[in-house]
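Reading through the C-alpha cells given below for one structure.
The values are calculated or read from the model by the stated rules, or taken from the named source; none is laboratory data. Since the structure is predicted, the reported quantities are computational estimates derived from the model, not experimental observations. Don't worry about glycine lacking a Cβ; one is built from the backbone with ideal geometry, like all the others, and counts go over all protein chains shown. Quick note on the areas: whole protein, heavy atoms, side chains included, nothing else; ligands and nucleic acids left out. Shrake-Rupley method; radii C 1.70, N 1.55, O 1.52, S 1.80 Å.
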Amino acid sequence: MSFPQGFFWGGALAANQVEGAWNVDGKGPSVADVATYKPNTDVKDYAAHNAMSDAQIAAAMADPSDAAYPKRRGIDFYHRYREDLALFAEMGFTMLRVSIAWTRIFPTGEEEEPNEKGLQFYEDLFTEMRRLGIEPLVTLSHYEMPLALATKYNGWVDRRVIDCFTKFCHVCFVRYKDLVKYWLTFNEVDSILRHPFTTAGIIPSRVPADQMAQTCYQALHHQLVASALVVRDCHGVIPGSKVGCMLTKLTTYARTCAPADELAAQAKNLENLFYADVQVWGEYPRLILRMFERKGITIRTEPGDDAILKAGCVDFVSCSYYMTMTESVDPHAERTPGNTVLGVKNPYLPSSEWGWQIDPQGLRYSLIELYDRYRKPLMVVENGVGAKDTVEPDGSIHDPYRMEYFRQHIAEMGKAIDEGVEMWGYTSWAPIDLISASTNQMSKRYGFIYVDQDDEGRGTLERRRKDSFYWYQKVIASNGADLA
Ligand code: BG6
C-alpha cells in the first residue's frame with residue numbers, strides 16, 4: 001500500500017465539542033451551548049431531538065450552569081490545548097483539524113469589531129501547532145453559529161447572515177494568513193435538512209411543517225453563496241491557500257438488486273452529493289433543480305448569485321465517513337440509526353453500540369466515487385467509532401475494537417489510493433474523547449486519548465493514552481505501512 005510522501009496524518013476536533021469555556025474572554029453563546037444532554041435518545045428521529053424551540057432556548061439561557069449543557073464545558077481544551085497538542089505531536093500528527101468558534105470572534109455575529117481575546121486564542125493555538133510541526137486544517141463553521149443570529153434572524157434563513165459570516169471569515173483570513181493554509185467552509189454542509197438548528201440556526205417551531213424543506217433549502221442557498229464568497233476571499237487574502245468543501249459521506253446501497261430499490265438508493269445518493277456538486281462545479285445540478293420544481297420548492301436568489309457560485313469553486317473535497325446504509329421501497333424493511341440518519345439495515349455489516357453500521361470497504365467505495373465524480377484531491381477529515389471504554393485498575397485502557405475499526409478503514413483508504421484516488425490526508429474523529437455532537441454524551445468515546453470525565457461532568461479531566469494511541473503512532477511513523 002502506498003500512501004504518498006507528505007500525506008497528512010492526524011485528527012479532527014470541533015471547537016464546540018472540546019473547548020468548553022463557553023462564556024469566557026468575551027465569547028458569546030452559540031447554538032451548541034443550548035444543546036441538551038440526551039442519554040437515552042432514540043436517534044430514530046434525529047431532527048426532532050435536536051430541534052430547539054424559542055421557549056427551550058430561553059430556558060437554556062436562563063440556566064448559567066453546564067449541568068444539562070455538556071458542550072459548555074467540553075473537555076476544557078481552551079485551557080489545556082498545549083497538553084493536548086503535545087500528545088498529538090507525540091503520536092506524530094502532521095495535521096490537526098480544528099474549528100474556530102464564530103462567537104469567540106463575534107459574540108453575537110453582528111459586532112463592528114472582533115473580540116481580540118478570541119482572535120488571540122486561535123493565534124496562540126495555531127502558533128503552537130506550527131511549532132510542533134502540525135499543519136492546521138481549519139473549519140469556519142462547525143455547528144456553532146451565534147445563538148443571537150438564530151433567535152434574531154432564524155439563522156441562515158435570512159440573507160443578511162451571509163454578510164455576518166463573510167465578515168467573520170475575512171477577519172480570520174487576515175489574522176491567520178501566515179499560520180493557516182488549509183480551510184473548510186461548512187462542516188457537513190448536507191446536514192441542514194437533518195438537523196436545521198445545529199447546522200443553520202433554524203428554529204423549527206417558527207416554520208410550518210409543510211414549509212420546512214423549502215426553508216432549509218433557502219438557508220442552504222445562502223450558505224452556498226457565502227461559501228463561494230469565502231473561497232474567493234481566502235484565495236485573495238492568502239495566496240496559495242486551499243479551501244475545501246466538507247460532506248457527510250452517506251453512501252447508500254440498494255437493499256436488494258430490485259430496480260425499485262436501486263432507484264431509491266440512487267435518489268438518496270444524489271441528494272447527498274448535490275451539496276458538494278454545487279461547491280465543486282459552481283452550479284446546481286439540473287436533476288436537483290427538477291426535484292425542487294417537483295416538490296414546489298422555490299429558491300429566492302439575487303442577480304449575481306450564479307456568478308458568485310461559479311467564481312467560488314473549492315480546491316479540494318473532504319468528507320466525514322462513519323458508516324453506510326441501504327435503502328429499500330419495502331415499507332417493512334428494518335431500519336437502523338446512523339450518523340443523524342435512519343437507513344435500512346444491511347445484513348452483511350456489524351454495527352456500533354449506537355447502531356451505526358461499520359463498513360470499511362464502503363470507505364474505499366465512497367472515495368472512488370467521490371474522486372471519479374469530482375477529479376479533485378480528497379481528504380477524509382472525520383472517521384472513527386464511538387464506543388464505551390473501560391479504565392483498568394492500573395489506569396490502562398485496552399481498546400482493540402477501536403484499533404480494528406481504524407485498521408480496516410485505513411487499509412481500505414490505502415487500496416483506494418492504489419487504485420488511483422488522489423488523497424492529501426486523513427484526520428481521524430476524534431483523537432481525544434470529547435462531547436458527542438448528537439447525544440451530548442461523554443461516554444460515547446472516540447479518542448486515542450482518554451479524558452477522565454463522565455456524562456455528568458464529573459472527573460479530573462486527566463488525559464490518558466489508550467492502547468490505540470501507540471498503535472496510531474506506529475501507523476503514522478510508517479506512513480500507513482504498518483497497520484498490524
Ligand atoms: C460528524 C460531526 O457528523 O459526526 C461531528 O461533524 C460529530 O461533529 C461526529 O461529533 C460523530 O457524531 P457523534 O454524534 O457521535 O458525536
Given (1) modelled with pLDDT of 95 or more; (2) more than 19 Å from R97 (Cβ to Cβ); (3) of a type in the set (S, T, N, Q); (4) out of contact with any Pro (no Cβ under 6 Å at 6 or more places or on another chain), identify the lone condition not met by N383.
(2)
Assess whether L250 counts as being in contact (Cβ under 8 Å) with a residue 40 or more places away in the chain, part of a loop (DSSP other than H, G, I, E, B) and of a type in the set (A, V, I, L, M, F, W, C).
yes
Please work out if Y275 is within 16 Å of the ligand (Cβ to nearest atom), assigned to a helix (DSSP H, G or I) and closer than 30 Å to Y176 by Cβ.
yes
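Rundown of residues vs (1) in contact with a Ser or Thr (Cβ under 9 Å, 6 or more places away or on another chain); (2) surrounded by fewer than 24 Cβ atoms within 10 Å (Cβ to Cβ); (3) closer than 19 Å to A150 by Cβ, yes/no style:
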site: W9; (1), (2), (3): yes, yes, no
site: A14; (1), (2), (3): yes, no, yes
site: S30; (1), (2), (3): yes, no, yes
site: L85; (1), (2), (3): no, yes, no
Test E262 against the criterion of being away from the ligand (no atom under 16 Å from the Cβ), over 18 Å from the mean Cα position of the chain (by Cα) and farther than 30 Å from E419 by Cα, and give yes or no.
no
Filter the stretch 341-368 for residues that are open to solvent by 20 Å² or more (accessible area, probe 1.4 Å) and either of a type in the set (K, R) or in contact with a Ser or Thr (Cβ under 7 Å, 6 or more places away or on another chain) (or both) and give the result.
K345, S351, I358, R364, Y365
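Starting from residues that are small (G, A, S) and closer than 23 Å to V451 by Cβ, keep the ones in the stretch 58-80 and report whichever is most open to solvent (accessible area, probe 1.4 Å). It would help to see each step written out before you state the result.
Within the stretch 58-80, the first condition is being small (G, A, S), and the residues that meet it are 58-60, 62, 65, 67-68, 74.
From the residues that got through so far, the ones that are closer than 23 Å to V451 by Cβ too are 65, 67-68, 74.
Values: S65: 46, A67: 67, A68: 38, G74: 1 Å².
Ranking the candidates gives A67 first.
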Residue count for the stretch 1-34, restricted to those that are of a type in the set (S, T, N, Q) and in a helix (DSSP H, G or I)
2
Restricting the search to the stretch 355-377, which residues are over 18 Å from the mean Cα position of the chain (by Cα) and within 16 Å of the ligand (Cβ to nearest atom)?
G355, Q357, I358, D359, G362
Find the helices (runs of 4 or more DSSP H) located wholly in the stretch 282-377 whose residues include 2 or more that are in contact (Cβ under 8 Å) with a residue 12 or more places away in the chain and among the aromatic types (F, W, Y), and list them.
360-374
Looking only at the stretch 319-334, which residues are open to solvent by 10 Å² or more (accessible area, probe 1.4 Å) and either under 25 Å from F406 (Cα atoms) or within 16 Å of the ligand (Cβ to nearest atom) (or both)?
Y322, M325
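Quick check, is T108 of a type outside the set (F, W, Y), closer than 23 Å to Q453 by Cα and part of a loop (DSSP other than H, G, I, E, B)?
Working: of a type outside the set (F, W, Y): yes; closer than 23 Å to Q453 by Cα: no; part of a loop (DSSP other than H, G, I, E, B): yes.
No, not satisfied.
Rundown of residues vs (1) part of a loop (DSSP other than H, G, I, E, B); (2) at pLDDT 95 or above; (3) under 21 Å from V34 (Cα atoms), yes/no style:
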| position | (1), (2), (3) |
| --- | --- |
| Y78 | no, yes, yes |
| D84 | no, yes, no |
| F88 | no, yes, no |
| L96 | no, yes, no |
| L119 | no, yes, no |
| T127 | no, yes, no |
| L137 | no, yes, no |
| Y143 | yes, yes, yes |
| A150 | no, yes, yes |
Taking the stretch 237-258 and the residues there that are hydroxyl-bearing (S, T, Y) and closer than 28 Å to L179 by Cα, the one that is surrounded by the fewest Cβ atoms within 10 Å (Cβ to Cβ) would be S241
Can you name the residue in the stretch 190-220 that is of a type in the set (D, E, K, R) and farther than 13 Å from A51 by Cα and, of all such residues, is surrounded by the most Cβ atoms within 10 Å (Cβ to Cβ)?
D190
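Check the stretch 467-484 and report whether any residue there is open to solvent by less than 10 Å² (accessible area, probe 1.4 Å) and among the basic types (K, R).
Start the filter on the stretch 467-484 by keeping residues that are open to solvent by less than 10 Å² (accessible area, probe 1.4 Å), which leaves 468-469, 472, 475, 480.
From what's left, among the basic types (K, R): none.
Checked against the condition, which is being open to solvent by less than 10 Å² (accessible area, probe 1.4 Å) and among the basic types (K, R), the stretch 467-484 yields no hits at all.
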Suppose we filter D261, D277, D305 for residues that are at pLDDT 95 or above, open to solvent by less than 50 Å² (accessible area, probe 1.4 Å) and in contact with a strand residue (DSSP E or B) (Cβ under 9 Å, 6 or more places away or on another chain); which single one remains?
D261
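The rows are residues; the columns are (1) of a type in the set (S, T, N, Q); (2) within 16 Å of the ligand (Cβ to nearest atom); (3) over 19 Å from A276 (Cα atoms).
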| residue | (1), (2), (3) |
| --- | --- |
| H170 | no, no, yes |
| R175 | no, no, yes |
| Y182 | no, no, no |
| E188 | no, yes, no |
| C234 | no, no, no |
| V237 | no, no, yes |
| K249 | no, yes, no |
Where in the stretch 380-484 are there strands (runs of 3 or more DSSP E), lying fully within it, with 3 or more residues that are away from the ligand (no atom under 16 Å from the Cβ)?
423-429, 463-465
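Taking the stretch 407-428, which residues are of a type outside the set (A, V, I, L, M) and farther than 23 Å from K242 by Cβ? First the steps, then the outcome.
Taking the stretch 407-428 first, the residues of a type outside the set (A, V, I, L, M) are 407-409, 412, 414-415, 418-420, 422, 424-428.
Selection gives R407, Q408, H409, E412, K415, D418, E419.
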Within the stretch 404-415, residues surrounded by fewer than 21 Cβ atoms within 10 Å (Cβ to Cβ) and among the aliphatic types (A, V, I, L, M) come out as A411
Of the numbered conditions (1) small (G, A, S); (2) over 27 Å from S99 (Cβ atoms); (3) in contact with a Lys or Arg (Cβ under 6 Å, 6 or more places away or on another chain), G457 fails exactly one; give the number of that condition.
(2)
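Taking the stretch 159-203 as the search range and keeping residues that are without any contact (Cβ under 8 Å) to a residue 40 or more places away in the chain and charged (D, E, K, R), which one is farthest from D233 (Cα to Cα)?
Looking only at the stretch 159-203, we keep the residues that are without any contact (Cβ under 8 Å) to a residue 40 or more places away in the chain, and these are 160, 163, 178, 192.
Now drop any that are not charged (D, E, K, R), which leaves 160, 163, 178.
Numbers: R160: 18, D163: 13, D178: 15 Å.
Checking each candidate, the answer is R160.
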